[in-house]
Every structure is written in C-alpha cells, then in structure tokens.
Amino acid sequence: MTGPERDELDLLIEEQAGAALPSEDALESVNPWYTPMLYITWGLILNGITLHFLYLQYLLPTLGTVLSYLGFRSLRGNGKAFRLAWVISLAELIWHGSYMALAATPWLPQGDLVYGLAAAATAARLIQLLALRSGLHAVMRKAGTEPQSDPLKSAAIWQAAVLALAFTPLAHSTLAGVVGVIAFIVIVRALFRFSGGLERAGYCFEAAPVCISGGKMAWGYLLCCVLAVVGSSMLANHLPPDAAVRPENGLAGERQALQALGMPAETVDDLSDAHVKALEGAFHFSYSQDLLRFGSDYGSENIYDGTNTPEKPPVVSAYAGKPDTMLATSSYIELPGYRVAVLVQFDWGQTGTAYWGDAFTMVGDGDRGNELVGGALLYEKDGQRYTAPIPRLDNGMVTVSDWMMGERTSQMISGSVSYPFGAERQRGYVLYIMQMDTDRAYGGTLMNYYHARQPVVLPYRGPAERVAGWTGENMQQHYSNFRTEEGRRWEAEQAAQ
C-alpha cells in the first residue's frame, strides 16, 4: 500500500470513528445527574428573577419552584441529605401555592410576619443548600473521586450572610440587596460548576420511583396555582352585601317637600327615612348626570347639567342600556347654615354586572370639611326590593399610589360595591354634607369609579387603590359643579345690570 493510499485509509477511519462518537449533548444526557442538577439550578434562577409585567413576577417563581422540586425529587433516593433537601423543596412547593392563593386576597401576611416568613425561607434554603452539598460530596466519595474545589461552601457562606443581615437594621439597606445579588450569582455558578464534575459518579445514581412524570407534575402544579388564584379572587372580591328587604317608606310630607324642589320621584323613593330626615329644611335642589362607559369603548358623556344649563333637556345617549354602562348623578341640596348636601348616585339599570368588588372614591370641596351621612346599595331580586349598607364605606385619610404621581395621601370618602348574583336594577347612593363659608359662590365634587369586569386582581388591591390612576377601561370619573345661594344672588345682580 502506497503512502497516499495509507493516508486516504487513515482519513476514512478517522471520519467513520468521529461519526460514531456521541455528541457533547448526548454525553450530558447519559449522565443521570445532569437533568436533576439542571432543574435545581434553573429553579434557583427563575426564583431570583423579578420582572413586574405580564405577571412574570408570579409565573417565573412558580415555574422555578416546581423545577427545583422535580430536581430534588429525582435525587431523594441517593441518601438522607438529598431526602432532607427534597422535603424542604416540597414545603416550598406547598408554601408557594398558598402564597399565590393569598396574593389575590387581602389576607396575605403583612408587617413583621412577612419579615419572619422571609427569614424562615432564607434559612430553609441555606439548610437545603448545605444538604445538597453534603449529598454531592458523599456521592463523589462513593465514586472514588474528590472535587477539585468546593464551590457550594462559598455559596452557603454567602447565603448565611443574607440570613444574618435579615436580623440587623441593615435588612432593608442597599448593602443587603448587594449581598443578596452576590449570593445569588455565587450559588448559580457553584451549581453549574459542581454539575460538570459528576460524570464519573453516574453509576452511583439511584433514581427515586415516581408516580407522576415531571411534565405532568409541572403542568398540573401550574394549573393548580391558576385555579387557586381564580378561586381566592372570587372569594375575596365577591362580597354580597348584608342585605334586607326594604321597609315601606315613611315621612311622606318630607318626601313631597323634596319633590317640590325638583328632586326626581325615583331618587326620593330610594332614600331611606334616616337620610330623608338629614335633608330637613332643604330650600334648593339641582343635579348633573353623566353616562360612564367601561370596557373597550370606555368614555363619559354628559346627559344633563341642571346646575349650569337647566334649560337644556337631557340627552338621549346611544349607549344607554348597554352592558358596562352606568348613570352617575350628583345632586346638590342646599340646607340652612351654609351647608350643601351632596347626593351621589350610581345606577347600572337593567344590565348591571357589579359582582366583583367595584370601588369608588368621592371628594367634595367643603370649606370646613365634609360630613359623611351614609349610603346604601339597592337592588331587586325575585320580585323583592332589597337594601344594604355600602361595604367599607369610610370618610378618612386614604393613601394611594400610581406610576405617574407616586404615593399621596388625602381625605376622601371611599367604599366598595358588590351585589349578589341575580340582582336586578343594581344601584346605590352616598350622601354627605359640605360645610361652606358664607361668601362661597361656587364649588365642585368628583367621583372616581372603578368597575371590576372580572374577579382576578393580582396582586390584590383595596377599594381606594383600585380607583387610583388614570381613567381607562376600568375606571371613569364623574365631575360636576354647583352654585350656592350667594353665587346665584351674585349672578342675578350681574344680569340685572
């Protein structure tokens, strides 16, 4: 065989041998430690990523928690240390599912309890990391090899530093955040480095028996978390009012006096006797109405402005009677002593679907404060008329925040609105009184109304928080103004000149 022929034969043998050798990916898949360690590593990574959009702050940790559990589940048959780490991952799986359910409710732990739970979780992860290190070292010794380095030891030290800082005044400082980020990076690098040195320990791997495959387990857990969020949201946001059958109205003379001032008969009929009595001595009445639209075709439309242009008849809107459309009315009733009673009504007509925790805030510009008289939810069901107090109705300092204006605190009336399923003619009102200065001529009031068209609000937000922000599909504003007796007198004098 000549030299060129031998070279050609050597090249052919080399090509054939190269084709027969498995790829690097194939070698990794043969290593039984590769997949569990990859799950554990990516579980840690996804739990450490915080992205506050598209619900990724919930989806990524959920996926990370289940991946970590699947990794430790596969390793639990390889010794006590791995079983301890698996038990901790199971506890994390249960806690994270509970957290997802509570995040959609007002019952999520707050204050010092949150810090205690966070410290407990950090301690559990430290124990889990130490158990993983102990188990991996035992496997390496069983395989007759020693790791060239101990990266998990450094990772455990950094995790311990995070735990120690949690019990110091620096717990919420920048230093604690920096230490946490360093610990995260060190742990991830340590897991990747240790994973690469387990090829020779493959024969020591004992796969734990499982009844549910990893894919079914992951998808099942994700589905359970989704169902938990939806279920807890429905429970937290659908709060049927403490309703009772409406009694027959009394105070017929007082009600006739209010109608004589111009108050519509339907409005007078909806008022309770106690609230009619609060309007005793009224001598002037005016009102303004807006049609508020929620959903994709959101907006507002003035229907009638009886305070500025009472001569113009009400507008017949093309949107009247459509779903997610509400009639908002502000009535101004002047009382003796420079007081102006404000009656704010919200009426969903025959298409009301206020089942999932609607909310409102109201602001009046009284010169010396606003006195909340009360309010009521009204509806009909099975031929009966019902009334109920407005849940969470309050007049106090409310702190709200949004991405444009930041956090701010002001005094306002707030409350929530929720009717039982099957309720018809859903409506309600709030009555408060503004104390005015003697020279006050004009004023205005504002209502922000949030309409929840479905039950899931994640994370949970209270009534005042829901109303914060800009108008849009779920939130609309109803503003109107009024003239006092002094304002009307001044305008009459100007007109006479």
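We did not get these values from a lab; they are worked out from the coordinates using the rules stated. Just so we're clear, the structure is a prediction, and the values are computed from it rather than from any experiment. Quick reminder, even Gly has a Cβ in these numbers, built from the backbone with ideal geometry, and neighbours come from all protein chains shown.
Straight-line reach from Lys381: taking Cα to Cα under 22 Å and skipping same-chain neighbours fewer than 8 places apart, the lysines in range are Lys322. An ellipsoid equivalent to region 246-496, defined through the eigenvalues of its Cα gyration tensor, has semi-axes of 28, 22, 18 Å when rounded to whole angstrom and sorted largest first. Summing +1 for each Lys or Arg and -1 for each Asp or Glu among the other residues whose beta-carbon sits under 12 angstrom from that of Val276 gives -3. Once backbone amide H atoms are built at 1.01 Å from N, Thr353 has Asp324 as its partners under 5 Å, excluding neighbours fewer than 5 places away on the same chain. Between Ile303 and Gln289, Asp290, Leu291, the built amide H atoms are under 5 Å apart, and every one of these is 5 or more places off in sequence or on another chain.
Going from the fewest other Cβ atoms within 10 Å to the most, the residues His478, His137 appear in the order His137, His478.
Restricting region 444-497 to chymotrypsin sites (Phe, Trp or Tyr not before Pro) that sit in a DSSP loop and have at most 15 other Cβ atoms within 10 Å of their own Cβ leaves Trp470. Counted residue by residue at 0.36 nm each, then reduced by the alpha carbon distance between them, the extension gain from Cys224 to Glu248 reaches 3.8 nm. Once backbone amide H atoms are built at 1.01 Å from N, Asp365 has Gly444 as its partners under 5 Å, excluding neighbours fewer than 5 places away on the same chain. The charge dipole of region 246-496, taken about its Cα centre with unit charges on the Cβ atoms of Lys, Arg (+1), Asp and Glu (-1) only, comes to about 440 debye. At full extension, Arg488 and Asp367 could sit 41.7 nm farther apart than now, given 0.36 nm per residue minus the alpha carbon distance.
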